[in-house]
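Presented below is the structure to which this report refers.
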Amino acid sequence: MTAFVVVLTVAILGLAGLTLDGGLALATKVKAHDQAEAAARAGAQALDLTAYRATHTLRLLPADAVTDAQRYLSTVDATGSVSVAGNTVTVTVTATQRTQLLGLIGIESLTVHSQASASPERGVLAPEP
């Protein structure tokens, strides 16, 4: 009977750890995704205004887009990478969540990644061609 109680207690603690720490990791992933989206939008605002005024063509300044997205990430204390391909800014955010109960079995933290992209668009109420 004692061995059964010990095994059952460990199993219940493991399930509770998965529930609690899994929920915390999910919340961290949602936050990381929000940060990646906002950073991508910040980078997508780095338009080449000279080209836009001359030809009405939306074109990003890649170096400025990366700088603006990284600046946003630093203001929210997030770590990530930024890349620009054509007119699309892609941001990947990596975050670590320390565990509460899973630390009892040796899992000290969970790492999550989230990625988002943004492109500049013209228009007020709807995108214009």
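Structure data summary
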{"item": "Area of D68 that stays accessible when all protein chains are in place (1.4 Å probe, Å², to 10)", "result": "40"}
{"item": "Cα long-axis angle, helix 62-75 against the chain (0 to 90 degrees, to the nearest 10)", "result": "40"}
{"item": "Principal-axis tilt of helix 2-43 within the chain, Cα atoms, nearest 10 degrees", "result": "10"}
{"item": "Area of V82 that stays accessible when all protein chains are in place (1.4 Å probe, Å², to 10)", "result": "30"}
{"item": "Two-decimal Rg to Rh for the chain - Kirkwood Rh, Cα set", "result": "1.27"}
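The values are calculated or read from the model by the stated rules, or taken from the named source; none is laboratory data. Remember, predicted model here, so these are calculated numbers, not experimental data. Areas reflect the complete protein model, heavy atoms only, side chains present, ligands, DNA and RNA absent. Shrake-Rupley method; radii C 1.70, N 1.55, O 1.52, S 1.80 Å.
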